[in-house]
Structures are given as structure tokens and as C-alpha cells.
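As C-alpha cells, the structure follows; a few thoughts come after it.
The values are calculated or read from the model by the stated rules, or taken from the named source; none is laboratory data. All values reported here derive from a predicted model rather than from experimental measurement. For neighbour counting, all protein chains shown are included, and Cβ atoms are generated from backbone atoms with ideal geometry for every residue, glycine included. Side chains are part of the model used for accessible areas, which takes the heavy atoms of the whole protein and leaves out ligands, DNA and RNA. Shrake-Rupley method; radii C 1.70, N 1.55, O 1.52, S 1.80 Å.
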Amino acid sequence: MTQSHIGLSKAVIPAAGLGTRFLPATKATPKEMLPVVDKPAIQYVVEEAVGAGLSDVLMITGRNKRPLEDHFDRNYELEEALSRKGDTERLGRVQESSDLATMHYVRQGDPRGLGHAVLCAAPHVGDEPFAVLLGDDLIDPRDPLLSRMVDIREREGGSVVALMEVDPAQVHLYGCAAVETTADSDVVRVTGLVEKPDPADAPSNYAVIGRYVLDPAVFGILRETPPGRGGEIQLTDALQRLAADESVGGPVHGVVFKGRRYDTGDRADYLRAIVRLACEREDLGPEFRTWLRRYVTEEMQSL
Ligand code: G1P
């Protein structure tokens, strides 16, 4: 169900990464276009933004990302061919992605990190709060996260990050938050943030997963943020500044997510995401599950 939120209508999706973990598949195809069952990963993310009432979507792209623009545009030749054949079902699926949202694109130029990618959105976003969705994280639409984050921004002002408790050994893969509890069991106050800490220095096991609702004050901070971890301008570092001084852009809160999240950023997780989502599909699931059960049984016997 689509919800509308006064004052929040824009989503920014950074999609300029090179996708080196998936080479050679990503040599000539953007990683965001890799299929998760039968839809490109990026379409799930745009659908999530639209589902939370954010139908103005700005994608931060780079070289070799043209297929992203084509995917969310009309394809008259294909539509013509399908309607001539009377294949309305497939025609509907082709049109779905072009009718989804109002899409905008800006190129990042030099890939100088996530913070820099978000800064490229400043002219489009202007002085409004906005959401950032990272394409490697897929959030199951049955477990709404973004709408809850938007609600918290509307109630508390400032910025809101999505957090998930992870195994302490995994914290070095994420931005990590120091937190205080609030009256809401799923909301914490973020008092500090550190990008990809060594486990010994991690302030908690609350990891930032790729959803943010940001106050536009973040742009001013990003302009002054020097390169951090990995020599890149880190969004986490700018958020740390916001968390440390509420007078700049309001408080930073975290919504603690306990739902289903699929990480398509690395190969093994990507495979797991496909298997899980395929099992749950009404059309493919029953047959696929039967096959999977048999396959797993055979595998166990051969051990
Ligand atoms: C980025 C952020 C990190 C965050 C992560 C979530 O890292 O820099 O803070 O925890 O996304 O997926 P990346 O995974 O792009 O290295």
C-alpha cells in the first residue's frame, strides 16, 4: 500500500558502484541490473521507495549505467511486439517499471565514496528531507521499514538511520552506531557512528543497513567532510557530525529492523536471496521448493 508523507517525497539511490565482486557478469552490465528471480535488483529498491510514498526517485549513476535508465523508461518496440501478440501479461510486466516512479538521473563523475554520491543529489533535493536507499540491501515489502523511518523523522525531526543487530564479528562490514534506548522499543537515539570499525573498537553490534532518512543539513556537512575510511567521503562520518551536535540538523534516531533483509552485495548472499525469494513466489515457489527439498536431501546423502 502506498502511503503519502507531507514534506517527504524524494528518494535518492546511489548506483554508481563498479560491482567488482560480480565480475565478469558486471563487465558490461550494471550490478543493479542483475536479476533477483526475474526482476533486476534495483526494481525492488525503487518499488520500496514508492511503497513508502516516495515517488520522486533520483539515481546517482556513472559510466556504463545506461541500462538502468532504459529499464525505467518505455520500450515501444517491445511493447508493440507484445501487444501485437496479445501477450497482455508480459506487456504489463514491461510497463510496470516505466510507470513506477518519476525517475531522475545524475552522474557522480569521480567515484569518491557514498558521502560524495549523496552530495551529488543536493541540487535536486534542495532544502527538503529525503531518503537514501542503497541497492545492495533488499527489504522484504511485508516488513515495512522506510515508512516507519519517515514517521520518526516527522515526529522527531533530524535524521533517521536503519539499524540491525548483527553478530559482533560482522560489525567491521558496516557503519556502527552507539545508541541509547527511547520510549519506543524499535527506536533508539544515535549518539555516535563509526564506519566499519574493528570489532574491538565497535561501540555496539547495531549495524547501519542501507536505508536513511536525512535532514538536508547533511549536505553542508558532506561538503566539509574529508575522505575517511578507504580514502572515501563517508556518509557515516557526516552522520557522526550530526549525531554529535544536534544544533546542526536535529537529532539522529535509529529504527531497529527485525524483519527480512536480503543482501545482494556479495555472491553467496545474492544466491541466498534468490533462493529465498523464489521459494516464496506464488507462481514459482511450489515447484521450486519441491525441487530444492529433493536436491538438499541428495546433497545430505552424499556427505
Ligand atoms: C555502506 C555504508 C555503511 C553501511 C552499508 C550498509 O557500506 O558505508 O555504513 O553499513 O553500506 O549496507 P558498503 O556496503 O557500501 O561498503
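Things worth noting here:
- Condition met for G53 (surrounded by 15 or more Cβ atoms within 10 Å (Cβ to Cβ) and over 20 Å from A101 (Cα atoms)): no
- Residues that are within 12 Å of G175 (Cβ to Cβ) and surrounded by fewer than 16 Cβ atoms within 10 Å (Cβ to Cβ) within region 213-257 comprise just one, R229.
- Any hit, region 87-99, residues being open to solvent by less than 50 Å² (accessible area, probe 1.4 Å) and either touching a residue at least 40 places away in the same chain (Cβ under 8 Å) or in a strand (DSSP E or B) (or both): yes
- Whether a residue is more than 21 Å from G17 (Cα to Cα) and touching a strand residue (DSSP E or B) at 6+ places or on another chain (Cβ under 6 Å) was assessed, and D215 passes this test.
- Picking from residues in region 107-136 that are crowded, with 21+ Cβ neighbours inside 10 Å and in a strand (DSSP E or B), the one that is farthest from the ligand (Cβ to nearest atom) is F130.
Here is a yes/no grid of residues against (1) of a type in the set (D, E); (2) farther than 21 Å from L214 by Cα; (3) at pLDDT 95 or above; (4) open to solvent by 20 Å² or more (accessible area, probe 1.4 Å):
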| residue | (1), (2), (3), (4) |
| --- | --- |
| H5 | no, no, no, yes |
| V12 | no, no, yes, no |
| L18 | no, yes, no, yes |
| R21 | no, yes, no, yes |
| A49 | no, no, yes, no |
| M59 | no, no, yes, no |
